[in-house]
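> Let me give you the structure first, and then I'll get to my questions.
The values are calculated or read from the model by the stated rules, or taken from the named source; none is laboratory data. From a predicted model like this one, the values you see are computed outputs, not experimental measurements. No Cβ is skipped: glycine too gets one built from the backbone with ideal geometry, and neighbour counts run over all protein chains shown. Note: areas computed on protein heavy atoms with side chains; ligands, DNA, RNA excluded. Shrake-Rupley method; radii C 1.70, N 1.55, O 1.52, S 1.80 Å.
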Amino acid sequence: MGQGFGRDYEQGEGVNTTCNPFIHEVDGERRHVLRCTTAAVALLMGSHTLTASAAAPAKGKPLGFTSVPTSSADALVVPPEYDAQVLYRWGDATGIAGAAAPAFSADASNSWQEQLLQSGMHHDGMEYFPLDKNPRHGLLAINHEYTDDGLLHSDGMKTWTADKVRKSQAAHGVSVIEVVERAGVWRVMPNSRYARRITGNTPMQFSGPAAGHALLKTSADPEGMRPLGTLNNCAAGQTPWGTFLTCEENWNGYFSAQNKPNPDEARYGLRAKGFGYRWHEFDERFDVAKHPNEPHRFGWVVEIDPQDPTQTPIKRTALGRIKHEGATTTLSRDGRAVVYMGDDERFEYIYKFVSRDKVKPGGYRANKDILDHGTLYVARFDAQGYGRWLPLVHGEGGLNAASGFASQADVVVKCRQAADVVGATKMDRPEWVAVHPNTGEVFVTLTNNSSRGKDGRMADAANPRNDNIMGHIIRWREGKSRQGDAVSRLDGDASATEFRWMHFALAGDPNADKAEYRGTIKGDMYGSPDGLQFDASGLLWIQTDISTSAMHKGAYKGIGNNMMLCADPATGETKRFLTGPAGCEITGVSFTPDRRAVFINIQHPGETASERSDPAQPKAVSHWPDGPAGGRPRSATVVIRRKDGGIVGT
């Protein structure tokens, strides 16, 4: 998610100028598309000879709700058999024990000190953590990705002060809130011993191979161990030991770099004036000329224990420094942690980390170091549906001092450059990753890439469309498999170094003028898939992030506002579950354990095409969720439940 601010900074143009080969250059095969058919699924699962049963129509799960139509209304629309309740809006009190609970000021006049005690802006990825085995009482950890300073301050950026910088930094980060359902109504608990805000200035800790490395040292932290704050927290993940993984995505946009960035800075998209946040004018650590190592302290996965508000968040350097979209954790066959991650930029890569140690019982305390030791990999997608995980290990695959990597710390700090060296496959904006709870199959959204097909960066088997404005979803199954092997089924071990892949769907509008924009969706259309999550039954929930600069225009004219859909991975059947208000992205999806409620986030309702609002007209695009009487649109967490109290999606 997150495109930067308008056309002055097209984050999607990509900063990967390396010459590592595309798929068709690797093996010279003719480009092809592996579609989600029964035969293709059988091949994915490892059956090279289709039996009668394999060729039979797949048996899917009924999607038990009324599909909603596309919409351009300034409203959240859910199926008629469902209710939606706004739970936690930007500016709502977080409910921190012993702290004040300042009310939201509709004119955005809240101080930065008050913002520290309120919900941050632009809700994104989140996870639900039940308390005391009660599915209706738990904690929500919620990312706040970035700010719209045109809405955050009464006069926007007309005047610019240190206090405005502090308020913007306070509106970033993470909320941990305690929520409970009573008589069908959810509420945020006040005075909660769990509640906390984590912001752009919260003290943190480094761990793993880069902790204390020279590239992480600054004048304020000469030991390179104590970074300050987390930023641009996009998607997220929940670990088997009960912690929250929040991911730093477009962190580069907060820094003002020199007019001609050095190669390492350019590889991560640093540029003069960044995205126009202007933090460097009052917080010099965001001035790269004065603090050249400060950018190295962002771009990490941060681990937070939601049940301990005193815990210092930890930046896990073993997972690599990229523009992390998310961190989805599963277990290998032998019980080790496996974390899948996408680097959300055009022509960037898909990664996974496999821990050295097995997950132990005992929660976070028993597994507090598990993400510090293991192997980081990057994906190579070969033609004919095969793939391989390439290790990013110092001393292997050309990752040595001669190529600029003197240690494993260099490999993880310069993770993109390391992936370039080993020959990873350039993808069309890898975003969320979801792992099927029963089969172990892995699904990834590739949101879009209109630069595919330009400057010699042509379509390939895994990214099969030039001018890919619609995006697609790819899936794979882990396990050793070679063409011609007499294998009836891949083992699905998440720690494997080989996999077989295919496309789940190419997004698009079947009525589009150009064939490449029509897609292969079985059911309700969508474009720019982003958020992705399985529920416990194996239904796949898809959320979209159509840019406000593209929404309702051109090939997107008929698709409407952003939406959430539900799909059956066995058949590909897809139904639209909700549509969002004007200018928003739909993101963040987490279920209660009994699946009687699902939490989703409405991010940046009312966003303009420039992605920064006019403070004189804050409701020019939307007045959701407070209505016409409200002062300005507000991102919010919403809880959705069936009116009859049944299981969501059935």
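> In region 211-224, what residues are closer than 17 Å to THR312 by Cβ and either open to solvent by less than 10 Å² (accessible area, probe 1.4 Å) or over 27 Å from the mean Cα position of the chain (by Cα) (or both)?
Answer for region 211-224, where residues must be closer than 17 Å to THR312 by Cβ and either open to solvent by less than 10 Å² (accessible area, probe 1.4 Å) or over 27 Å from the mean Cα position of the chain (by Cα) (or both): GLY212, LEU216, ALA220, ASP221, GLU223, GLY224.
> While we're on this one: Which residues, counting only those in region 110-158, are open to solvent by 10 Å² or more (accessible area, probe 1.4 Å), charged (D, E, K, R) and in contact (Cβ under 8 Å) with a residue 60 or more places away in the chain?
The answer is GLU127, ARG136, ASP155, LYS158.
> Right, something else. Considering region 625-650 alone, what residues qualify as being part of a loop (DSSP other than H, G, I, E, B) and open to solvent by 30 Å² or more (accessible area, probe 1.4 Å)?
Hits for region 625-650 are PRO625, ASP626, PRO628, ALA629, LYS643, ASP644, ILE647, THR650.
> Please enumerate the residues belonging to region 488-511 that are in a loop (DSSP other than H, G, I, E, B), open to solvent by less than 60 Å² (accessible area, probe 1.4 Å), closer than 19 Å to ALA434 by Cα and touching a Gly at 6+ places or on another chain (Cβ under 8 Å).
Residues satisfying the conditions are LEU490, GLY492, ASP493, ALA494, ALA496, ALA507.
> If you go through region 512-543, how many residues are over 23 Å from ILE647 (Cα atoms) and either open to solvent by less than 40 Å² (accessible area, probe 1.4 Å) or aliphatic (A, V, I, L, M) (or both)?
The total comes to 11.
> Can you tell me which residue is nearest to SER332 (Cα to Cα) among those in region 238-248 that are open to solvent by less than 10 Å² (accessible area, probe 1.4 Å) and touching a Gly at 6+ places or on another chain (Cβ under 6 Å)?
Within region 238-248, the subset open to solvent by less than 10 Å² (accessible area, probe 1.4 Å) is 239, 243-248.
Filter again for touching a Gly at 6+ places or on another chain (Cβ under 6 Å), leaving 245, 247-248.
Details: LEU245: 18, CYS247: 22, GLU248: 25 Å.
Restricting to residues being open to solvent by less than 10 Å² (accessible area, probe 1.4 Å) and touching a Gly at 6+ places or on another chain (Cβ under 6 Å), the top hit is LEU245.
> If you check PRO227 against the conditions, is it open to solvent by 60 Å² or more (accessible area, probe 1.4 Å) and not hydroxyl-bearing (Ser, Thr, Tyr)?
Here the answer is no, as PRO227 does not meet what is asked.
> Here is a further query. Any residue at all in region 15-24 that's modelled with pLDDT of 75 or more, in a strand (DSSP E or B) and buried (at least 19 other Cβ atoms within 10 Å of the Cβ)?
First, pick out the residues of region 15-24 that are modelled with pLDDT of 75 or more: 15-18.
From what's left, in a strand (DSSP E or B): none.
No, region 15-24 contains no residue that is modelled with pLDDT of 75 or more, in a strand (DSSP E or B) and buried (at least 19 other Cβ atoms within 10 Å of the Cβ).
> Here are the criteria: (1) on the phi > 0 side of the Ramachandran plot; (2) open to solvent by 10 Å² or more (accessible area, probe 1.4 Å); (3) modelled with pLDDT of 95 or more. Tell me which single one GLU611 does not satisfy.
(3) is the only condition that GLU611 fails.
> Would region 559-567 turn up any residue that is assigned to a strand (DSSP E or B), out of contact with any Cys (no Cβ under 7 Å at 6 or more places or on another chain), under 17 Å from GLY519 (Cβ atoms) and open to solvent by 30 Å² or more (accessible area, probe 1.4 Å)?
No, the conditions are met nowhere in region 559-567.
> Report, ordered by the first and then the second residue, all pairs with beta carbons closer than 6 Å, sequence separation of six or more or different chains, a first member in region 314-336 that is at positive phi, and a second member that is surrounded by fewer than 22 Cβ atoms within 10 Å (Cβ to Cβ) and assigned to a loop (DSSP other than H, G, I, E, B).
Correct list of pairs: GLY335/VAL359.
> Quick one: would you say PRO292 is open to solvent by 10 Å² or more (accessible area, probe 1.4 Å) and more than 30 Å from TRP432 (Cβ to Cβ)?
Yes.
> Okay, next question. If you take just the helices (runs of 4 or more DSSP H) that sit entirely in region 331-436, which of them hold at least 3 residues that are open to solvent by 10 Å² or more (accessible area, probe 1.4 Å) and of a type outside the set (A, V, I, L, M, F, W, C)?
So the answer is 363-366.
> Being of a type outside the set (Lys, Arg) and either farther than 25 Å from PHE577 by Cβ or surrounded by fewer than 20 Cβ atoms within 10 Å (Cβ to Cβ) (or both): is that true of ALA93 here? Step through it out loud before you land on a result.
Details: of a type outside the set (Lys, Arg): yes; either farther than 25 Å from PHE577 by Cβ or surrounded by fewer than 20 Cβ atoms within 10 Å (Cβ to Cβ) (or both): yes.
Spelling it out, ALA93 is indeed of a type outside the set (Lys, Arg) and either farther than 25 Å from PHE577 by Cβ or surrounded by fewer than 20 Cβ atoms within 10 Å (Cβ to Cβ) (or both).
> Now for a different question. Is it fair to say LEU63 is modelled with pLDDT under 90, surrounded by 14 or more Cβ atoms within 10 Å (Cβ to Cβ), part of a loop (DSSP other than H, G, I, E, B) and hydrophobic (A, V, I, L, M, F, W, C)?
no
> Which ones in region 249-276 are touching a His at 6+ places or on another chain (Cβ under 9 Å), in a loop (DSSP other than H, G, I, E, B) and either open to solvent by 20 Å² or more (accessible area, probe 1.4 Å) or hydroxyl-bearing (Ser, Thr, Tyr) (or both)?
Matches in region 249-276: LYS273 only.
> Still on this model: Going by the structure shown, is ARG187 charged (D, E, K, R) and open to solvent by 30 Å² or more (accessible area, probe 1.4 Å)? Reasoning before the result, please.
Working: charged (D, E, K, R): yes; open to solvent by 30 Å² or more (accessible area, probe 1.4 Å): yes.
Spelling it out, ARG187 is indeed charged (D, E, K, R) and open to solvent by 30 Å² or more (accessible area, probe 1.4 Å).
> Of the residues ALA507, ALA536, ALA496, which is small (Gly, Ala, Ser) and free of Cβ contacts under 8 Å to residues at least 60 places away in the same chain?
When all the criteria are applied, what remains is ALA507.
> Moving to a separate point now. Only one residue in ALA582, ALA597 is under 22 Å from the mean Cα position of the chain (by Cα) and closer than 20 Å to PHE65 by Cα, so which one is that?
Being under 22 Å from the mean Cα position of the chain (by Cα) and closer than 20 Å to PHE65 by Cα holds for just one of ALA582, ALA597, which is ALA597.
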